[in-house]
Amino acid sequence: ISKPQNNSPKTSLFATVSEQHRQYCTTSSKNICLEYHCKLPTTLNMVAMPKIVIAGGGIIGTSISYFLAKEHDTSVTLIDPKGIAPGASSKAGGFLARQWRDDTPLEPMHQLGFDLHEKIADELIETNIDYRRLTCSAVAIDETQTRKVQKPPSKKLEGVEWVDRAVVGSVSMADETNCAQVHPRKLCEQLWKYASEKQGSKLMEGKVKLAITDESTNAIKGVCLEDGTSLEADILVVACGPWSHQALQTWFPNIATSTFPDITGVKCHSMLVKPDTTFSQAVFFESDGALGDGDLEVYPRPDGDCYVNGFQGDEVIVDEEPGEEEVEQEYIDKLKRAMDVTSTALGGLQPHTVQACYWPETGDGLPIIGNIPNHPGAFIATGHSVWGILQGPSTGKAVAELLMNGSSACLDLSPFDPSRFQRYRFI
C-alpha cells in the first residue's frame with residue numbers, strides 16, 4: 001500500500017480489503033465453504049468500519065483490541081479456545097526491564113512497551129493490574145552450600161532482600177527507574193474489559209478451523225470455527241503465541257507450510273508461594289547449575305505472592321492445548337528445593353499454585369509481525385519469546401495502526417516482517 005501523497009485521500013488496509021471483499025461478494029455466487037460447511041451471509045452489511053477477527057486471547061490479542069478501541073474507536077471479535085489469557089499470558093511472571101534489549105533490533109519495541117505499561121497502569125488504575133516499580137539483582141550461589149539446607153548467616157549480605165542461604169555475592173541489575181512488574185492475567189483481563197466496554201468488542205470461545213479466503217485474490221473473507229460457525233471478516237490477525245504454527249498449517253491450506261518458518265514453544269514451570277513479608281526485589285540466580293539446569297528467577301508481587309520459575313525445557317512444536325499444559329512434578333520439586341537452600345523466608349513454603357506454560361520462539365529470535373504474504377487482510381503477530389508481556393502493548397499499538405492506517409507510526413515493524421525469511425512458496 002503506497003503512502004498517500006499531497007492531498008490524496010488516506011489509504012488504509014481496510015479500504016483495500018473491503019473493496020476486494022465487495023467485488024468478490026457482488027460477482028460470486030459462492031458463499032459456502034464446502035469443506036467445512038460454513039455458510040457466509042448472503043447479504044453483506046457494508047459499514048464504515050472493518051470487521052476484524054483476532055485469534056488468540058493472550059497479551060498480544062488483548063493489546064491489539066485495547067489500542068483499536070482506545071485510539072481508533074474500533075471493535076473486534078476475539079476468538080480463543082479458553083477465553084482470555086489461558087496460556088503464558090496468565091502464567092508468566094510479568095517482569096518488565098526497560099533496557100534489557102538495548103543495542104538489538106528489539107530496542108525500540110522494548111522501550112516503547114515499558115513506557116506504555118506505565119501509561120496503561122494509569123489508565124486502568126494501578127491496583128487493577130498490580131503494576132509497580134521494583135528492584136532487581138543477580139545473586140551468586142555457592143554450589144558447595146546447596147547440597148543441604150544451611151543456617152542463614154548472622155549478618156545479611158548488603159543489597160539482598162530475602163536470599164540469605166548459600167549466597168556469596170550480588171550485583172544490582174535494575175532499579176525503580178527502569179524496572180517494573182505487572183500481573184499478566186489481570187492486565188489481559190483489564191485490556192479486554194476496556195475494549196469490550198468502550199467499543200463493544202465481543203469474545204467467542206472456540207477454535208478457528210479455517211480462514212475463508214477469496215478464490216482469486218486470497219483476500220480474507222471470514223473464518224470458520226470447528227463447530228461450523230462462520231464469521232465474516234475483512235481482517236484476521238493470528239496472535240496465537242506458540243500455537244501460531246498450527247494455525248498457519250491448518251487455517252491457510254494454500255500456504256506450503258514446509259517453507260514457512262517454524263514457530264516453536266519452550267515450556268517453563270512456575271509456582272506461587274506466599275511468605276509472611278511482602279518483598280520488592282526480583283532475583284536472578286547464578287549458580288553454575290547447582291540449583292538445576294536453566295535459569296532460576298523469582299519475582300515478588302505486591303499482593304504478597306512470590307512467583308518462582310525456571311528450569312525451562314527444549315524448543316518444540318507445541319501439541320498441548322492452551323490452558324491444559326501438564327505440570328510435571330519433578331520441575332516443581334526443583335523449584336521448591338531451590339528455595340529451601342537459598343531463602344529462609346521462601347524455603348519450606350508449600351506453593352498454593354503450580355503451573356506450566358509455553359513461550360513462543362522463532363528461528364532468528366525476533367517476533368513475526370505483519371502481513372501474511374499473498375493473503376490480503378491476513379496478519380500475524382507472535383514470537384516475542386520471554387518478553388511477550390513487556391512487548392505486548394507496543395506490539396498492540398503498532399498492529400492497531402497497521403490495520404487501520406496501512407502502516408505503523410509508533411514503531412518500525414520492518415525488522416519483524418514475515419517476508420524477511422524469504423522462504424515462502426505458495427501453491
Those residues of segment 340-360 whose amide nitrogen sits under 14 Å from the label point placed on Glu326, 7 Å along Cα→Cβ: 356-357
task: From zero up to wherever the largest Cα-Cα distance of segment 319-388 sits, split into 10 Å bins and tell me the percent of pairs in each.
output: 16, 28, 28, 17, 8, 3
query: If you wrap segment 84-135's Cα atoms in a convex hull and average its projection over all directions, what's the area in nm²?
result: 4.4 nm²
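Dividing the Cα radius of gyration by the Kirkwood radius, what Rg/Rh value follows for segment 368-427?
For segment 368-427, the value is 0.97.
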message: Explain nothing, just the number: dipole magnitude of segment 259-367 about its Cα centre with +1 on each Lys and Arg Cβ and -1 on each Asp and Glu Cβ, in debye rounded to the nearest 20.
response: 640 debye
statement: Rounded to a whole number, the Stokes-Einstein D of segment 309-427 in µm²/s (Kirkwood radius over Cα pairs; 37 °C; 0.692 mPa s) is 188 µm²/s
- request: Could you work out the per residue convex hull volume over the alpha carbons of segment 213-344, in cubic angstrom?
  value: 172 Å³
query: Using a simple charge model, +1 on the beta-carbon of Lys and Arg, -1 on the beta-carbon of Asp and Glu, nothing else, what dipole does segment 171-226 show about its Cα centre, in debye to the nearest 20?
result: 220 debye
- request: Could you pull the accessible area for His352 with a 1.4 Å probe, rounded to 10 Å²?
  value: 110 Å²
- prompt: Using r as the Cβ-Cβ distance of Ser172 and Gln246, and R0 as 60 Å, what FRET efficiency do you calculate, to the nearest 0.05?
  reply: 0.90
- prompt: If you line up the Cα atoms of segment 185-290 on their principal axes, what length do they span on each, largest first, in Å?
  reply: 61, 40, 22
task: Work through the residues other than Arg98 whose Cβ is under 15 Å from its Cβ and net out their charges, Lys, Arg +1 and Asp, Glu -1.
output: -3
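When 1/r is averaged over all different Cα pairs and the result inverted, which Kirkwood radius in Å belongs to segment 283-365?
Mean inverse Cα-Cα distance, inverted, gives 14.3 Å.
Could you state the accessible area per residue of segment 193-238 in Å², with a 1.4 Å probe and every protein chain left in place? Walk me through the intermediate numbers first.
Numbers: 1890 Å² over 46 residues.
I get 41 Å² per residue for this part.
The values are calculated or read from the model by the stated rules, or taken from the named source; none is laboratory data. None of the values given here were measured: they were computed from a predicted structure. FYI the Cβ positions are ideal-geometry reconstructions off the backbone, even for glycines, and counts take in every protein chain you see. Just the protein is used for accessible areas: all its heavy atoms, side chains included, with ligands, DNA and RNA removed. Shrake-Rupley method; radii C 1.70, N 1.55, O 1.52, S 1.80 Å.
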